[in-house]
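The values are calculated or read from the model by the stated rules, or taken from the named source; none is laboratory data. As the structure is a prediction and not an experimental result, all values here were calculated from the model. A quick note on method: Cβ atoms are made from the backbone with ideal geometry, for glycine too, and the neighbour counts reach across all protein chains shown. Please note that ligands, DNA and RNA were not included when accessible areas were found on the heavy atoms of the full protein model with its side chains. Shrake-Rupley method; radii C 1.70, N 1.55, O 1.52, S 1.80 Å.
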Amino acid sequence: MQTKDTNLKYSSVIEVTREHKATVEYLMAQSNRKLIIYALGIFLCFFYFGILQEKITRTKYGESKEYFKCTVALVFIQCVINAIFAKIMLSTFLQQPHDTTRKSYYVVCAFTYLAAMVSSNMALIHVNYPTQVVGKSCKPIPVMLLGVLIGRKSYSLLKYLFVFTIVIGVGIFMYKDGSNKASSATNAGLIGAGEMLLLFSLLMDGFTGAVQERMKSEHQTKSGHMMLNMNLWSILFLGIALVGTGELWRFIDFVGRYPFVVYYILGFSILSAIGQLFIFLTVTEFGPLPCSIITTTRKFFTVLASVLLFGNVLSERQWLGAFMVFAGLTLDSIYGKSAPKTK
């Protein structure tokens, strides 16, 4: 009788274990499907975002073959759409507590954020999209340097190795061969106006990261509040710049002559905001590591798309440099994400 009761107990335990295993497998499958959906959202949004960005800035409009140079207006519209999406996120997906962050942090962060964005977009007037993407992939470099100099942080040896790989790769990619020098005096030499704008953009990215670190450590600022307030202050700064420089009227005149560009700009801005939404969903539900791997591989495919669709031919040396950059970024995403230590 005791043996029979024991067998019944074992059978019950085995059945419960099977049910638990089936439940875990189902939840894991559901989670994997969700991650795949988020990854596809990031890939698709920023894939077409890059295409539209190059269409806007590199297309020759009209018989006079003029370029779109209203960069401030472009970023202004992008920030407006981003702010709207951030408000929606706070009302629906991101139920976050009251924000106590000092306004001065948002002001400084917004200024450096939009300075990086404007200079990055301006660089596309002088360089092609693959150069811009690879250059902006060096964002960990200024963040690390300013973290060491200002934030008194230390990083692992692997972190320095991966960043060094990125630096070398960018140097190889951006170096101009003597036979490929542009006829313009501004493009002569090792780096031209486009590369200088990318370097300035990276410096501003570094300052933005340093301020955001202080916001997180002192006020535990949440992502939704940070995105909304940074874009609101950016809208204010850009609005002043638009009126003060007269670019608003140049933008209205340009759109009046080439109205179809409005569809490109709206699509560009909406894709940017939706892509950020998928990024925030990935970070909040799966953590920053899967998100960083997704965004890193997305950049590589964006470069390939730009080369294929817009005829931006890369030399063997530039392909080597691009490979080193993305290899360094990928290895850093996998092995170099340990939290930095404060000295």
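May I ask you to list pairs of residues, at least six apart or on different chains, whose Cβ atoms are under 6 Å apart, with the first in the range 46-70 being within 28 Å of residue 295 (Cβ to Cβ) and open to solvent by 80 Å² or more (accessible area, probe 1.4 Å) and the second being in a helix (DSSP H, G or I) and modelled with pLDDT of 85 or more?
These pairs meet every condition: 48/271.
So, of the residues in the range 259-272 that are open to solvent by 30 Å² or more (accessible area, probe 1.4 Å) and more than 20 Å from the chain's Cα centre (by Cα), which turns out to be nearest to residue 44 (Cα to Cα)?
Going through the range 259-272, the residues open to solvent by 30 Å² or more (accessible area, probe 1.4 Å) turn out to be 259-260, 262-264, 266, 270-271.
Then keep just the ones that are more than 20 Å from the chain's Cα centre (by Cα); that gives 259-260, 262-263.
Working: 259: 26, 260: 22, 262: 21, 263: 18 Å.
For the range 259-272, the residue satisfying everything is 263.
Answer yes if at least one residue in the range 102-115 is open to solvent by less than 50 Å² (accessible area, probe 1.4 Å), part of a loop (DSSP other than H, G, I, E, B) and modelled with pLDDT of 85 or more, and no otherwise.
No, the range 102-115 contains no residue that is open to solvent by less than 50 Å² (accessible area, probe 1.4 Å), part of a loop (DSSP other than H, G, I, E, B) and modelled with pLDDT of 85 or more.
Limited to the range 214-232, what total is found for residues that are within 13 Å of residue 77 (Cα to Cα) and open to solvent by less than 80 Å² (accessible area, probe 1.4 Å)? Working first, answer last.
First pass over the range 214-232, keeping only residues within 13 Å of residue 77 (Cα to Cα): 231-232.
Restricting the remaining residues to those that are open to solvent by less than 80 Å² (accessible area, probe 1.4 Å) gives 231.
Residues in the range 214-232 being within 13 Å of residue 77 (Cα to Cα) and open to solvent by less than 80 Å² (accessible area, probe 1.4 Å): 1 in total.
Go through the range 192-201 and report how many residues are open to solvent by 20 Å² or more (accessible area, probe 1.4 Å) and under 18 Å from the mean Cα position of the chain (by Cα). Spell out how you get there, then give the answer.
The initial filter retains those residues of the range 192-201 that are open to solvent by 20 Å² or more (accessible area, probe 1.4 Å), namely 193, 196-197, 199-200.
Checking the rest, the ones that are also under 18 Å from the mean Cα position of the chain (by Cα) come to 197, 199-200.
Residues that pass the stated criteria total 3.
Of all residues being part of a loop (DSSP other than H, G, I, E, B) and modelled with pLDDT under 75 in the range 125-172, which is most open to solvent (accessible area, probe 1.4 Å)? Just the residue, please.
The residue in question is 152.
I need a count of the residues in the range 233-249 that are farther than 18 Å from residue 111 by Cα and either surrounded by 15 or more Cβ atoms within 10 Å (Cβ to Cβ) or under 19 Å from the mean Cα position of the chain (by Cα) (or both).
Number of matching residues: 2.
Would you say residue 100 is without any contact (Cβ under 8 Å) to a residue 24 or more places away in the chain and out of contact with any Phe, Trp or Tyr (no Cβ under 6 Å at 6 or more places or on another chain)? First the steps, then the outcome.
On the way: without any contact (Cβ under 8 Å) to a residue 24 or more places away in the chain: no; out of contact with any Phe, Trp or Tyr (no Cβ under 6 Å at 6 or more places or on another chain): yes.
Answer is no for this residue.
Give just the number: which of (1) modelled with pLDDT of 65 or more; (2) surrounded by 10 or more Cβ atoms within 10 Å (Cβ to Cβ) does residue 29 not satisfy?
Unmet condition: (1).
For residue 79, all conditions in the list (1) modelled with pLDDT under 85; (2) surrounded by 18 or more Cβ atoms within 10 Å (Cβ to Cβ); (3) more than 21 Å from residue 294 (Cα to Cα) hold save one; what is the number of the exception?
(1)
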